[in-house]
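Q: Just dropping this structure here.
The values are calculated or read from the model by the stated rules, or taken from the named source; none is laboratory data. In this text the structure is predicted, and so the values were computed from the model without any measurement. Glycine also receives a Cβ, built like all others from the backbone with ideal geometry; neighbour counts cover every protein chain displayed. For the accessible areas, the whole protein counts, side chains as well, though only heavy atoms, and no ligand, DNA or RNA atoms are used. Shrake-Rupley method; radii C 1.70, N 1.55, O 1.52, S 1.80 Å.
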Amino acid sequence: MPFFCLSVTFGATLGFLASGAPLILRVRGVELAEVGLLQLINLPVGLTFLWAVGIDRLRLPILPHRLGWIVLMQGLGIALLGVLSFGEAWPLATLFVLALATCFCLATMDIALEALVVETVGPERRPYVTSAKLGGASLGGLVGAGVLIAAYDRIGWQAAVLTVAGLNALCLLPILLYPEGRLRRNGPAPERRIGLARLSRLSGRVLVLGLYFAALFALTGINSLALIDLGVPLAQVGLVTGSLAAGINLVMAPVSGLLVRRFGIVPLITVSATGVGAAGIVMLGACALGSGGLGIAAAILATLCAGGLGVPVFTMIYRWAQGPQPATDYALLFGAAFFAAMPLRVGAPALAGVVGWPAYFALCLPLYGIAVALLRRVITRTLDADRAAA
């Protein structure tokens, strides 16, 4: 329950700031290239490896190690959202800085949370925890990138941001009762190497994950912008790529957790990735035909199939982060990989604006196929080594 709740706050906040705001600006006539720059709000998520070693080594007073960082960062994030709620008429640069600082707090809270998972949850239960976290993030995204965007014309900026802040405060409460000390599993003492030094040990996995995150975002992450350009109204786009998509992910999170236990990680990745590729082909056809209805169908199919990828991929990230410095390793495996994907996340809308949507999706499809093939190979090697060691 605590992992689920904190993931709700992560999904709601970033859903509104990094996914909802670009749609609002695109409707107002902002160019695709400028909209793409808003992806830089996510930059702290990709740079957490720079300060994750401090999260591993420094303990704050009063609360246990990981809980102390979670409460501090979540509290600062709520305060920043409160300030941000008054800034509808402020300069865009000021709003961007506040949003960036809020994301910094969320990203730091998240790596402390992920370290808590690695240190207190056994390997046999991690797929279920992953399902809960992804389900929570999906529910948060339903609110932040779906409901609030669909209702934005009626409620306005301040009410939307304060709703996110209030949700974050409410969802912080369950983690305060989490018995971190009792559940912590003893392990080796933290190593003294900094995150950048440890990057060399994980560089192969980081590069593969970075290519995968970039390719997945390129193929599915800006479907909402494609739908806007196909003439689909903002409220409908918000419901489809925000609320409906989040609802699908909310259902797929526990379902894929069960499927991982039943069929295994690699088979689920194979089937789900094939479906995402098929959705990309349908979206290419929708853009070529100028069909908003077909584009909506493609976006829903992409969300449904991508929902089967989160649990197996993040279960493997937890496996690779298992060691003396889980916050640092998780920040490298996810954060550094996310950072490696950032250029494509920022540049994808501009590329679509230059070459047109049909050519854009035609370029993304082979990139996605290569990324999935490499990811499957790395995961298979790890699982084979684990079986051999057992």
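Q: Nearest 20 debye, what's the magnitude of the dipole of the chain about its Cα centre given +1 on Lys and Arg Cβ and -1 on Asp and Glu Cβ?
A: 1100 debye
Q: Ignoring ligands, DNA and RNA, how do 155, 317 rank by accessible area with a 1.4 Å probe, largest first?
A: Correct descending sequence by accessible area is 155, 317.
Q: Using a Gaussian network model of the chain whose springs link C-alpha atoms within less than 10 Å, name the residue from 151, 215, 302 with the highest mean-square fluctuation.
A: Taking springs between Cα atoms under 10 Å, the residue moving most is 151.
Q: Calculate, in nm to one decimal, what residue 125 and residue 297 gain on full extension: separation in residues at 0.36 nm each, minus their alpha carbon distance.
A: That pair, residue 125 and residue 297, stretches by 58.5 nm at full extension.
Q: Would you look at the GNM of the chain, springs on alpha carbons closer than 10 Å, and say which of 170, 80, 332 moves the most?
A: In this elastic network of the chain, the residue with the biggest mean-square fluctuation among 170, 80, 332 is 170.
Q: Any idea of the accessible area per residue across segment 94-152, 1.4 Å probe, to the nearest Å²?
A: Result: 25 Å² per residue.
Q: Also: Can you give the alpha-carbon Rg of segment 268-367 over 2.2 N^0.38 Å, where N counts its residues?
A: After normalising by residue count via 2.2 N^0.38 Å, the value is 1.30.
Q: Something else about it: When the chain is fully extended, how far beyond the present Cα-Cα distance does residue 235 get from residue 350, taking 0.36 nm per residue of separation?
A: 39.1 nm
Q: Sort by residue number and name the cysteines in the chain that have no neighbouring cysteine Cβ under 4.7 Å.
A: 103, 105, 287, 305, 364
Q: Quick test of the membrane-span-like rule: which DSSP H helices of the chain reach at least 30 Å along their long axis (C-alpha atoms) with mean Kyte hydropathy at least -0.5?
A: 92-120, 265-289, 357-389
Q: I've got another one for you. Please state the equivalent ellipsoid semi-axes for segment 65-120: what are the square roots of 5 times the Cα gyration tensor eigenvalues, largest first, in whole Å?
A: Listed largest to smallest, the semi-axes of segment 65-120 are 28, 10, 6 Å.
Q: Please express the Cα-Cα pair-distance distribution P(r) of segment 2-133 as a list of whole percents, one per 10 Å bin, running from 0 to the bin with the greatest distance.
A: 11, 38, 32, 15, 4
Q: Report the one residue of 97, 390, 266 whose Cα lies farthest in the direction of the positive end of the charge dipole of the chain (charges on C-beta: Lys and Arg +1, Asp and Glu -1; origin at the Cα centre).
A: Ranked along the dipole, the leading option is 390.
Q: What is the percent carbon and sulfur in the accessible area of segment 257-390, measuring with a 1.4 Å probe over the protein chains and ignoring ligands?
A: In segment 257-390, the share of accessible area belonging to carbon and sulfur is 70 percent.
Q: Turning to a different aspect of this structure: Show that you can apply the helix-only estimate: for the chain, add -39,500 (n - 2.57) for every DSSP H stretch of four or more residues, divide by all residues, and state [θ] at 222 nm to the nearest 500.
A: When only DSSP H runs of four or more count, the value is -24000 deg cm²/dmol.
Q: Loop sites only, by DSSP: take the trypsin sites (Lys or Arg not before Pro) in the chain that have at most 13 other C-beta atoms within 10 Å and name the longest stretch containing none of them.
A: In the chain, the maximal stretch lacking such sites is 193-390.
Q: For all pairs of alpha-carbon atoms in the chain, what percent lies in each bin of width 20 Å, listed from the first bin to the last filled one?
A: Here the calculated profile for the chain is 29, 61, 10, 0.
Q: What shape does segment 222-282 take by its C-alpha gyration tensor, where a ≥ b ≥ c are the square roots of the eigenvalues and a/c under 1.5 counts as rounded, a/b above b/c as prolate, and the rest as oblate?
A: oblate
Q: Could you give the length gained by full extension between residue 278 and residue 387, i.e. 0.36 nm per residue of separation minus their alpha carbon distance, to one decimal place?
A: Result: 36.0 nm gained on full extension.
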